[in-house]
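Asker: This is the structure, below, for whatever I ask next.
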Amino acid sequence: MGLKVLIVDDSSTMRRIIAKTLKSLDVDEILQAADGVDAIMILNDKKVDLVLSDWNMPRMNGLRMVKKLRENPDTASIPIIMVTTEAERASVVEAIKAGANNYLAKPFTPDALIKKIKETLHL
Amino acid sequence: METADDGRGRGNRVRLDVRLINPFISGTKEVFEVMAGLPVKRKSLSLKQDYKMFGEVSGIMGLAGDAVGSVVISFPRQLAESVVSKFLGIEEGEDVTEEDVRDGIGEILNMISGKAKTLLANTEYHFRLSIPTVIIGQDYEISHPKDTPCIVVVFESMNLKFVLQVSLAPQKKQE
Ligand SMILES: [Mg+2]
């Protein structure tokens with residue numbers, strides 16, 4: 001069975017770059033959201049194996065989204081990797097504290113993203 | 001400190017704080033190389049005296065926090081399209097829509113500013129990012145704060161030039 005992955009980023013360019021990179025993994029469904037509000041709506045009726053989320057987005061940013069997902073028992077244990085330009089130590093610590101499982105700074109190579117995913121999902 | 005032409009064309013030299021501009025220069029190179037495999041050469045450094053934009057496609061991001069100002073990236077349309085194609089891995093000759101260019105240039109600026117922000121952590125130039133805006137058009141102006149120098153860095157990629165403008169100053173502490 002392939003993975004179901006939700007990509008959350010306000011940039012369609014970034015969502016396309018990430019979706020393309022996922023092709024080298026056994027992924028059978030890619031869902032996309034442009035901000036935290038859309039992502040939470042999608043996760044209300046879809047189960048996914050992994051969420052890849054940006055931080056800076058309009059309406060609801062990635063950090064607030066992670067906190068909200070962790071408060072809800074249905075989404076509390078979905079693996080989440082933050083993929084963001086916010087790479088300062090303090091930001092990484094804040095995201096992990098909020099419940100993100102892993103962290104990848106933009107810009108990234110396809111290999112770095114695949115490695116983070118494998119590490120997070122123990123593949 | 002590095003010196004640069006003051007942009008008035010009289011050979012005047014002004015002092016630039018390289019601690020401010022270098023993180024943006026290395027950020028630009030890294031974003032292009034890592035995400036698109038595109039080598040980028042830094043050409044000249046100068047100070048901007050007017051508000052006229054270099055190219056038809058410009059991304060702008062306001063910066064606030066310990067330091068306040070803005071960063072702008074400006075491309076000729078052809079280069080903006082080629083750069084976005086490279087980032088997306090679109091084949092040569094395939095179409096890039098205006099929406100792709102708008103979004104792509106915004107995200108490139110976001111990554112460059114994010115990289116610079118990380119490198120400027122724990123300095124008086126530390127700032128917060130905002131959501132980038134992209135303008136596409138001819139002969140338009142984007143202003144920068146009058147009392148803050150605006151540093152213009154010219155880069156070259158795929159034999160065409162683009163510019164990055166940084167206008168950022170530490171906030172004056174309220175007594
Ligand atoms: Mg974003």
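Values in this text are rule-based calculations from the coordinates and carry no lab data. Just so it is clear, the structure is predicted and the values come from calculations on it, not from any experiment. Here Cβ is always computed from backbone atoms with ideal geometry, including for glycine, and neighbour counts include all displayed protein chains.
Asker: Between A:Lys67 and B:Arg19, what's the calculated FRET efficiency when r is the beta-carbon distance and R0 is 22 Å? Round to 0.05. Please report the intermediate quantities before stating the final value.
Answerer: Numbers: r = 35 Å, r/R0 = 1.59.
My answer for the efficiency is 0.05.
Asker: Could you tell me what a quarter of the Cα convex hull surface of chain A works out to, in nm² with one decimal place?
Answerer: Working: hull surface 27.2 nm².
Over every viewing direction, the Cα hull of chain A projects on average to 6.8 nm².
Asker: If you don't mind, another one. Quick one: putting +1 on the C-beta of Lys and Arg, -1 on the C-beta of Asp and Glu, what dipole do you get for the range B:53-175 around its Cα centre, in Debye to the nearest 20? Intermediate values should be presented prior to the final figure.
Answerer: On the way: 10 positive and 18 negative charges, 154 e Å.
Roughly 740 debye for the range B:53-175.
Asker: Can you tell which of B:Gly89, B:Pro76, B:Leu63 lies farthest toward the positive end of the dipole of the protein assembly as shown, using +1 and -1 charges on the Cβ of basic and acidic side chains (Lys, Arg; Asp, Glu)?
Answerer: Value computed over the given set: B:Leu63.
Asker: Now for a different question. Using bins 5 angstrom wide from zero, how does P(r) for the range B:52-169 break down, in % of all Cα pairs?
Answerer: 2, 12, 22, 24, 19, 12, 7, 3, 1, 0
Asker: Take the eigenvalues of the Cα gyration tensor for the protein assembly as shown, scale each by 5, and report the square roots as semi-axes in whole Å, largest first. Before the final figure, lay out each step's value.
Answerer: Numbers: eigenvalues 249, 97, 50 Å².
Rounded to whole Å, the semi-axes are 35, 22, 16.
Asker: Give a quick list of GluC sites (Glu not before Pro) in the range B:81-129 that DSSP marks as loop, anything other than H, G, I, E or B, with at most 15 other Cβ atoms within 10 Å.
Answerer: Working: sites: B:Glu81, B:Glu91, B:Glu92, B:Glu94, B:Glu98, B:Glu99, B:Glu107, B:Glu124; in loops: B:Glu91, B:Glu92, B:Glu94, B:Glu124.
Answer by residue number: B:Glu91, B:Glu92, B:Glu94, B:Glu124.
Asker: Now, a different point. Which longest run of chain A has no exposed loop site in it, a site being trypsin sites (Lys or Arg not before Pro) in a DSSP loop with at most 15 other beta carbons within 10 Å, and the site itself not part of the run?
Answerer: Numbers: sites that count: A:Lys23, A:Lys46, A:Lys47, A:Arg59.
Formally, the longest exposed-site-free interval is A:60-123.
Asker: OK, next. What's the FRET efficiency of B:Lys41 with B:Arg77 using the Cβ-Cβ distance as r and R₀ = 25 Å, to the nearest 0.05?
Answerer: Numbers: r = 21 Å, r/R0 = 0.82.
Efficiency computed from Cβ-Cβ geometry: 0.75.
Asker: Next question, about the same structure. So what is the relative contact order of chain B, in percent, for Cα pairs below 8 Å that sit 6 or more residues apart?
Answerer: Working: 342 pairs, mean separation 55.7, N = 175.
RCO, chain B: 32 percent.
Asker: With a point put 7 Å past each Cα toward its Cβ, work out how far B:Asp50 is from B:Val154 in nm, to one decimal.
Answerer: Between B:Asp50 and B:Val154, the label points sit 1.5 nm apart.
Asker: Using the Cα centre of chain A as origin and beta-carbon charges of +1 (Lys, Arg) and -1 (Asp, Glu), tell me which of A:Pro58, A:Val37, A:Leu113 is placed farthest towards the positive end of the dipole.
Answerer: A:Leu113
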